[in-house]
Each structure stands twice: as structure tokens, then as C-alpha cells.
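Heads up, the thing below is written out as C-alpha cells.
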Amino acid sequence: MSLEYNTQREHLTLREYGRNVQNLVKFIKTVDDQEKRNKYAGLLVELMKAVNPEFSKDAAEYTQKVWDDLYIISKFDLEVEGPFPVPESTILDRKPDRVGYQSNNIKFRHYGRNIEILINNAIALEDPNEKEGAIIAIGKLMKSFYQTWNKDSIEDETVLKNIKQLSKDQLDIDIEKVKQYGLFDSEKRPSDFQNRGNKNRNSGGKGGKRNFKRRRNNN
């Protein structure tokens, strides 16, 4: 038994479907009965969809693409009654649709489009605490992104100003609190200013006890 190498076999028209699909297409072309050819072609299309699945918003559009691929594999010489017309051979010269690039609409390029997406998500938040936490997180990212591309540091006022610009004044936070607790600094956490307040209250309570003891000893 002699071995058959791929270089000796017939060229594959659409490699993503494999050689077995191409052989089945050749077989269907030899079937004389029109009804059987139609049935076999429909079954083969379903097999091709399973072999090379794609997720498409329009299932009918994807099904038509697979039928077009079937005709391409057959070199446009398959006499079947399919649900779609036989495509022109010029389909092989068709260039893919150009993908639109939206970077031209980015207001601040050094922040990137993801920041704008995060800001839109923050605007949609209804809980005030969640919205404030989102603003702080966004401010941290913006400050770190800016410092990645610039040698100079950026002031908290500028970061907040940019947030307000991008959100069309729908997002705001007390700038004094931001500066006092360093909320836009990457090493700070949104809850740090709360923890500081708790520590101050606890230390005040302990001081009161010490004073009480002193007064009791003096008496």
C-alpha cells in the first residue's frame, strides 16, 4: 500500500472545511437524481456549519454564506435547488468589509476609550456611594494613565475637570476630600478616608478613658 501525500492530492478550495467536505461535494455532483442532490446538499450544509461554526447575529446571513461556500467548493458547478441563488464567481475577488476605527472620536487620547466607557457606566449608577466609588476608581486610572505617557504629574483638579468634561458635568466629587485623602493616588483606596475617621474616633475614646482614670486617682 503506497502512501499518498497532501502535495499529491487535489488542492483544497476552502481549507477550513477539510478534505472530506470537498470529497462529499464531488460525490453530490455525481448523483443523477435531482431530489437526492438537493437533500444531500442540505445535509452537507448543516455538516459544514458544524465543522466550521461561526457566531453571527443574523443566522440567515450565515447560512447563506455556507451555501456560497458550498458553491465555491464545487467550482460553481453544482446543480441543486438551494434556498439562495448561486453566487457569481466574482465573489472570490470580494474584499472583506473595512472595520471602522473609532479612535478619532476619543477626546483625551492619553486616557483611551475604556475610560470613556467607564464614565458612561458610572453615570448610569443610581446609588450615590457606588457612583462616588466609581469616580474615585476612574480618577486613579486617569492619573496613572497620564503619568505613564507624561513625565510631569497631573493635579487632582485637572483630573476631576476632565471627568466632568467627559461626563458632561454628570459626575462630580468634593475636590477637597480628594486632595485631603489622596483618593486619586493609586496607592490609596476609596475607604481610606473612612478608616482614618474611625481611627480618630477610637483614639478619642481611649483618651477619654485615660483622663477619667487620672481624675479618679487624683481624688
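Each row is one residue, and each column tells you yes or no for (1) surrounded by 13 or more Cβ atoms within 10 Å (Cβ to Cβ); (2) modelled with pLDDT of 80 or more; (3) basic (Lys, Arg); (4) not in a helix (DSSP H, G or I).
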{"site": "ASN23", "(1), (2), (3), (4)": "no, yes, no, no"}
{"site": "LYS29", "(1), (2), (3), (4)": "yes, yes, yes, no"}
{"site": "PRO53", "(1), (2), (3), (4)": "no, no, no, yes"}
{"site": "SER56", "(1), (2), (3), (4)": "no, no, no, yes"}
{"site": "GLU61", "(1), (2), (3), (4)": "no, yes, no, no"}
{"site": "PRO96", "(1), (2), (3), (4)": "no, no, no, yes"}
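With at pLDDT below 90, surrounded by fewer than 16 Cβ atoms within 10 Å (Cβ to Cβ) and at negative phi as the only criterion, which of GLU4, GLU81 stands out?
On the way: GLU81 fails: at pLDDT below 90.
Step by step, each of GLU4, GLU81 is checked, and only GLU4 is at pLDDT below 90, surrounded by fewer than 16 Cβ atoms within 10 Å (Cβ to Cβ) and at negative phi.
Can you find, within the stretch 98-130, the residue that is surrounded by the fewest Cβ atoms within 10 Å (Cβ to Cβ) among those that are β-branched (Val, Ile, Thr) and modelled with pLDDT under 75?
To start, the set of residues in the stretch 98-130 that are β-branched (Val, Ile, Thr) comprises 99, 106, 115, 117, 119, 123.
Checking the rest, the ones that are also modelled with pLDDT under 75 come to 99, 106.
Values: VAL99: 5, ILE106: 13.
Checked the stretch 98-130; the qualifying residue surrounded by the fewest Cβ atoms within 10 Å (Cβ to Cβ) is VAL99.
Do the conditions hold for GLU88, that is, is it surrounded by 10 or more Cβ atoms within 10 Å (Cβ to Cβ), assigned by TED's automatic domain parsing to the domain that holds HIS11 and either modelled with pLDDT under 90 or not aromatic (Phe, Trp, Tyr) (or both)?
Working: surrounded by 10 or more Cβ atoms within 10 Å (Cβ to Cβ): yes; assigned by TED's automatic domain parsing to the domain that holds HIS11: yes; either modelled with pLDDT under 90 or not aromatic (Phe, Trp, Tyr) (or both): yes.
Judged against the criteria, GLU88 is a match.
The values are calculated or read from the model by the stated rules, or taken from the named source; none is laboratory data. This is a predicted model, so every value here is computed, not measured. Note: ideal-geometry Cβ built from the backbone for every residue, glycine included; neighbour counts use all protein chains shown.
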